[in-house]
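What follows is one structure encoded as structure tokens, with my remarks underneath.
The values are calculated or read from the model by the stated rules, or taken from the named source; none is laboratory data. Bear in mind that the values here come from a model prediction, so they are computed numbers and not experimental data. Note that each Cβ is placed from the backbone with ideal geometry, even for glycine, and that neighbours are counted across all protein chains shown. These area figures cover heavy atoms from the full protein model, side chains too; ligands, DNA and RNA do not enter into them. Shrake-Rupley method; radii C 1.70, N 1.55, O 1.52, S 1.80 Å.
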Amino acid sequence: MDFEVITDSSLLDLGIADGINPSGNKRLISIINDFEDKKWRQEKFDSFVWDNVAETALTHKEREALQNHPQSLLINAAKNLRLTDADDDIGKGSELAEIVLYGIMRRKYGALPVVPKIFYKQNAQDNAKGADSVHIVIGANKDFSLWFGEAKFYKSIADARLGSIIASVKNSLATEKLKKENAIIVSLQELDNLEMDPEIRKKVKESLDNKLSIDSIKSKIVIPILLLHECPITAGVIDTTPDYLSKIRQYHNERAVSYFKKQIHELKDIFKYSEIRFHLILFPVPQKQPIIDKFLKAVQFYKG
């Protein structure tokens, strides 16, 4: 990973599972950027975004064709960015968060991107439906898991802000939405183009057959939930000190408990909820707006 992972544990191992049932399917990941010359390293963060934009904005075929032309790769990826002009906290920066999630999935989990989501959403004019990322992670014994991610960029992760991401997660787990995602995975050529054991590819396609009940794959589903968020703790420091790390861990633990209690209330009626795994990924930044402004300026540059 390009960034430091300071927490990567189940709620049970963290000792914060009281009142959360089921708790065995829930995990917290805290990721932080570092500092340089008393400043949060925004350039490092920006580079991470642009190093990963092609994964979600271009198809595998397009990426392969442009792999020796990095400037053209960025230009073509930028053309597919939606650049939503939403004024609300929920809409602003959601596309940037999607790109960061794709980067985390690739760098941390070694995941294979099976649907270039920004490409698909931009071309289908369907940017409000379905998961924000779709990946496959290959495990031991030629097993695999399906990762349907959600990503948001908030000015705050106070309780009042959590409802919208929970609603998105609930929507993505609706049977018709899962069947739609599975159909997209099977119908696109991305799966055939990925470097994957043929036996695993065959198992994936068979598991995603829409003739089968969605219930049969619930145990293979993982929902990574990325919340980039403005953080007063991060804004108030100039170095990665033990005190800063302690405060971020404590804050994220508290936010994870609050999030998952609310999620259980909203999602408890989903059949086989306890078999679906959830990874809450929290990534603090000092200020949201300067990051978005710089990202949009770069997009406009590459778009020409």
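Going toward the positive end of the dipole of the range 124-217, with +1 on Lys and Arg Cβ and -1 on Asp and Glu Cβ, which of SER133, ILE166, LEU208 do you reach last?
Checked the options; the winner is ILE166.
Report, to the nearest whole %, how much of the accessible area of the chain belongs to carbon and sulfur atoms, 1.4 Å probe, protein only.
Values: 6470 of 13680 Å².
Of the solvent-accessible surface of the chain, carbon and sulfur hold 47 percent.
What is the range 136-221's relative contact order, in percent, from Cα pairs under 8 angstrom and six or more apart in sequence?
Relative CO of the range 136-221 lands at 33 percent.
Scan around VAL134 for amide H atoms under 5 Å from its own, H built in the peptide plane at 1.01 Å from N, and keep only partners 5 or more places away or cross-chain.
Correct list: VAL114, VAL115, LYS117, GLY149.
Using Cα pairs under 8 angstrom and six or more residues apart, how large is the relative contact order of the chain, in percent?
Values: 478 pairs, mean separation 77.8, N = 304.
Relative contact order for the chain comes out at 26 percent.
Accessible area per residue for the range 241-288 in Å², computed with a 1.4 Å probe and the full protein assembly in place, what is it? Each step should come with its number before you reach the end.
Working: 2230 Å² over 48 residues.
Dividing the accessible area of the range 241-288 by its residue count gives 47 Å².
Check the straight Cα-Cα distances from LYS218 and name the aspartates and glutamates below 15 Å, setting aside those fewer than 8 residues away within the same chain.
ASP143, GLU176, GLU181, GLU206, ASP209, ASP269, GLU275
What does the helix-only formula give at 222 nm for the chain: each DSSP H stretch with n ≥ 4 adding -39500 (n - 2.57), the total divided by the residues, and the result rounded to the nearest 500 deg cm²/dmol?
On the way: 13 runs with 147 residues, N = 304.
When only DSSP H runs of four or more count, the value is -15000 deg cm²/dmol.
Place +1 on the Cβ of every Lys and Arg and -1 on the Cβ of every Asp and Glu in the chain, take the dipole about the Cα centre, and give the residue among ILE157, VAL49, PHE295 whose Cα lies farthest towards its positive end.
Among ILE157, VAL49, PHE295, the one farthest towards the positive end of the dipole of the chain is ILE157.
Can you compute the charge dipole magnitude of the chain about its Cα centre, using +1 on each Lys and Arg Cβ and -1 on each Asp and Glu Cβ, nothing else charged? Give it in debye, rounded to the nearest 20. Could the numbers behind the result be given before it?
Numbers: 44 positive and 43 negative charges, 108 e Å.
With Lys and Arg at +1 and Asp and Glu at -1, about 520 debye.
Name the most mobile residue of GLY163, GLY15, GLY110, meaning the one with the largest mean-square fluctuation, in a Gaussian network model of the chain with Cα contacts below 10 Å.
So, out of GLY163, GLY15, GLY110, the one fluctuating most is GLY15.
How long are the three semi-axes of the equivalent ellipsoid of the range 128-219, in whole Å, if each is the root of 5 times an eigenvalue of the C-alpha gyration tensor, listed from largest down?
Numbers: eigenvalues 155, 43, 29 Å².
That gives 28, 15, 12 Å for the three semi-axes.
Name all residues of the range 166-191 having a backbone nitrogen under 14 Å from the label point set 7 Å from the Cα of ASP269 along its Cα→Cβ direction, giving them as ranges.
Of the residues in the range 166-191, 170-171, 174-175 have backbone N under 14 Å from the label point off ASP269.
With the cut-off at 1.5 for a/c, could you classify the range 218-304 from its C-alpha gyration tensor as rounded, prolate or oblate? Walk me through the numbers on the way to the answer.
Values: a/c = 2.95, a/b = 1.39, b/c = 2.13.
Oblate, because a/c is 1.5 or more while a/b does not exceed b/c.
Given a 1.4 angstrom probe, what's the average accessible area per residue across the range 8-56, in square angstrom?
Details: 2260 Å² over 49 residues.
Computed with neighbouring chains in place, this is 46 Å² per residue.
Around ASP13, what is the net charge, scoring Lys/Arg as +1 and Asp/Glu as -1 over all other residues with Cβ under 15 Å from its Cβ?
On the way: positive: LYS26, ARG27, ARG249, ARG277; negative: ASP8, ASP18.
Charge balance near ASP13 sits at +2.
Between ILE138 and LYS205, what length comes free when the chain is fully extended (0.36 nm per residue of separation minus the Cα-Cα distance, one decimal in nm)?
Going from the current span to full extension adds 22.7 nm.
FRET efficiency for ASP192 and GLU254, Cβ-Cβ distance as r, R0 = 30 Å, nearest 0.05? Can you show the working numbers first?
Details: r = 45 Å, r/R0 = 1.49.
About 0.10, to the nearest 0.05.
Among LYS203/LYS303; LYS39/LYS297; LYS108/LYS177; LYS26/LYS179; LYS26/LYS247; LYS26/LYS79, which pairs are too far apart, with a Cα-Cα distance over 32 Å? Could the numbers behind the result be given before it?
On the way: LYS203/LYS303 40 Å; LYS39/LYS297 21 Å; LYS108/LYS177 26 Å; LYS26/LYS179 24 Å; LYS26/LYS247 22 Å; LYS26/LYS79 37 Å.
Checking Cα-Cα distances, LYS203/LYS303; LYS26/LYS79 exceed 32 Å.
Hydropathy at least -0.5 by Kyte-Doolittle, axial extent at least 20 angstrom from the Cα trace: which helices of the chain, defined as entire DSSP H runs, fit? Could the numbers behind the result be given before it?
Numbers: long enough: 42-57 (22 Å, -0.61); 94-109 (21 Å, 0.05); 159-172 (21 Å, 0.17); 242-267 (36 Å, -1.15); 288-303 (23 Å, -0.29).
Sorted by number, the helices that extend far enough and score high enough are 94-109, 159-172, 288-303.
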